[in-house]
Structures are given as structure tokens and as C-alpha cells.
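> Have a look at the structure that comes next, please.
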Amino acid sequence: MTHGPEQLDQLESVARAQRATRSFTREPVDDNLVDRLLALATRSPSAGNSQPWEFIVVRDPATRHAIGALTSSRWSSGARDWSQANLGPELTADVDTGATGGVAGAPVLVIVCADTDRCPPGSVGESVWPAVQNLLLGATAAGLGSALTTLATGGRDLAALLGLPPGVEAMAVVPLGHPARPLRPGRREPPRIHHDSW
């Protein structure tokens with residue numbers, strides 16, 4: 001397989017199209033597609049090639065509802081206030097839609113976890129976040145909506161709900177599904193680039 005400008009153009013197109021999706025249709029997502037996306041996620045780098053990622057694919061409506069309730073509770077307990085003070089009203093309203101039911105309404109929730117026993121100390125994040133990015137880009141390339149959410153993570157609530165063993169930490173909840181509405185292109189500032197020094 002050769003690589004060149006055409007492949008870079010394709011990747012750039014997918015990266016530009018990738019947006020957080022917070023409301024989904026009820027259309028199901030094929031198991032084989034989810035498996036392919038998770039295999040793509042594992043093509044990412046990790047510290048010492050530790051590959052500490054673990055994925056829990058949640059389709060059960062009751063479990064998705066419970067994760068949604070936890071997300072909504074965390075949103076109402078301070079995250080909404082922070083968003084209102086720091087984000088514009090349009091983005092805050094979009095996040096509110098997701099946090100109060102939209103994310104849990106996705107047909108699939110992927111809980112991205114880290115087995116901290118497999119990872120060098122202090123390198124959990126840099127070993128898992130690239131896998132999450134691959135998952136988000138893969139979902140976009142497949143025509144699905146997705147988002148990186150962390151409201152439900154932290155503490156023991158989600159871990160207890162999912163029966164996570166000691167040493168396994170839930171890092172992110174990634175909803176997957178067909179977007180309920182077309183997504184506008186993301187707004188990004190130009191890259192801030194420094195050469196040789198600040």
C-alpha cells in the first residue's frame with residue numbers, strides 16, 4: 001500500500017468532518033461495524049506499547065439509561081454552571097441536550113477503559129486518548145456520529161454499574177449512532193505554530 005497526498009487528503013476530509021454528536025436516531029448500529037471501529041481504535045500508540053485499553057460495548061437500554069442518569073446528575077452538579085460561564089449559549093445548549101438524555105439515546109455506548117496494571121505509571125492518559133481519537137475518526141469515516149464524554153467517569157459509580165475490576169478505570173463514554181440532524185463543520189482557530197523555540 002502506498003501513502004501520499006491522496007491519503008492525506010482523505011484523512012484531512014474525515015478530520016474536518018468529525019464533530020461531537022449529542023443526539024441520535026434510533027437506527028441500529030451493526031455489531032460488525034462496531035467491532036471494526038474498536039479494532040481501528042487499537043491501531044493507536046501507547047506508552048511502551050502497553051495497549052492498556054479495554055472497551056465495554058453497552059447496548060442494553062437499562063444500562064444506557066443508568067449511564068445517562070449518571071451523566072445528567074454530574075452535569076447538574078456543577079458542569080452546567082461551568083459551561084454557562086465559559087462556553088457560548090449555543091454550545092452550552094448542545095451539551096445540555098447531550099448530557100440530559102441525548103448521549104444515552106445513542107444505540108451504542110462504548111466505555112473506553114484503561115487497565116492501569118498494564119500501563120507504565122503516570123501514562124494512562126497518553127496511552128488511551130489516541131485510541132479514543134481513532135474511534136471518533138473511524139466513526140466519522142463510517143458515517144456515524146460520536147462524541148468524547150467524560151461526565152460519567154471518575155469516582156466509583158460507573159465502575160460499580162459496569163462491574164469493573166480493581167485496576168481498570170473508565171476513561172470515556174463514547175456514544176455511537178446515526179446523527180439526528182446534519183452537523184455543521186467545526187470551527188477551529190488556525191494552528192499556533194512556533195519554530196525552533198517559543
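Since every read-out is calculated from the coordinates, none of them should be taken as a lab result. Predicted, not measured: the structure shown is a model, and the values here were computed from it. Glycine also receives a Cβ, built like all others from the backbone with ideal geometry; neighbour counts cover every protein chain displayed.
> What ³J(HN,Hα) values, in whole Hz, does the Karplus curve 6.51 cos²θ - 1.76 cosθ + 1.60 give for the stretch 181-194 when θ = phi - 60°, with x put for Gly and Pro?
Taking θ as phi minus 60°, the curve returns 8, x, 9, 6, x, x, 9, 9, 6, x, x, 8, 10, 10 Hz for the stretch 181-194.
> Using the Karplus equation 6.51 cos²θ - 1.76 cosθ + 1.60 (θ = phi - 60°), what ³J(HN,Hα) coupling, rounded to whole Hz, does each residue of the stretch 158-167 give in order, writing x for Gly and Pro?
5, 4, 5, 4, 9, x, 5, x, x, x
> Mean-square fluctuation check for the chain, GNM, Cα pairs under 10 Å: which of GLY155, GLY68, GLY105 is largest?
It is GLY155.
> Sticking with this one: Roughly how compact is the stretch 124-198, stated as its Cα Rg over 2.2 N^0.38 Å to two decimals?
Values: Rg = 16.5 Å, N = 75, 2.2 N^0.38 = 11.3 Å.
After normalising by residue count via 2.2 N^0.38 Å, the value is 1.45.
> From zero up to wherever the largest Cα-Cα distance of the stretch 1-141 sits, split into 5 Å bins and tell me the percent of pairs in each.
Using 5 Å bins, I get a P(r) of 2, 9, 14, 16, 18, 19, 14, 6, 2, 1, 0 for the stretch 1-141.
> Only Lys, Arg, Asp and Glu count, each charged at its Cβ (+1, +1, -1, -1), so figure out the dipole size of the chain about its Cα centre, rounded to 20 debye. Walk me through the numbers on the way to the answer.
Working: 17 positive and 20 negative charges, 89 e Å.
It works out to roughly 420 debye.
> Quickly work out the GLN10-to-TRP198 label distance, labels modelled 7 Å from Cα along the C-beta direction, and quote it in nm with one decimal.
Spacing of the two 7 Å Cα→Cβ label points: 4.0 nm.
> Report the Rg/Rh value for the stretch 1-78, based on alpha-carbon coordinates and the Kirkwood definition of Rh. Display every interim value, and only then the final one.
On the way: Rg = 17.2 Å, Rh = 16.4 Å.
Expressed as Rg/Rh, it is 1.05.
> Given the DSSP H assignment, sum -39500 (n - 2.57) over each helix run of at least 4 residues in the chain and divide by its residue total; what's the result at 222 nm in deg cm²/dmol, nearest 500?
Working: 7 runs with 78 residues, N = 198.
Taken over the chain, the calculation gives -12000 deg cm²/dmol.
> Right, another one. For GLU54, GLU189, GLU126, what ranking results if the residue with the fewest other Cβ atoms within 10 Å of its Cβ goes first?
Values: GLU54 18, GLU189 5, GLU126 13.
Least to most surrounded, the residues fall as GLU189, GLU126, GLU54.
> How would you rank 85-92, 32-39, highest first, on the average number of other Cβ atoms within 10 Å across their residues? Provide the component values of the computation, followed by the final result.
Working: 85-92: 10.8, 32-39: 15.6.
The densest-packed peptide leads the list: 32-39, 85-92.
> Would you tally the net charge around MET171, using a Cβ to Cβ cut-off of less than 14 Å, leaving MET171 out, and scoring K and R as +1, D and E as -1?
On the way: positive: ARG118; negative: GLU54, ASP115, GLU126, GLU169.
Once positives and negatives cancel, what remains is -3.
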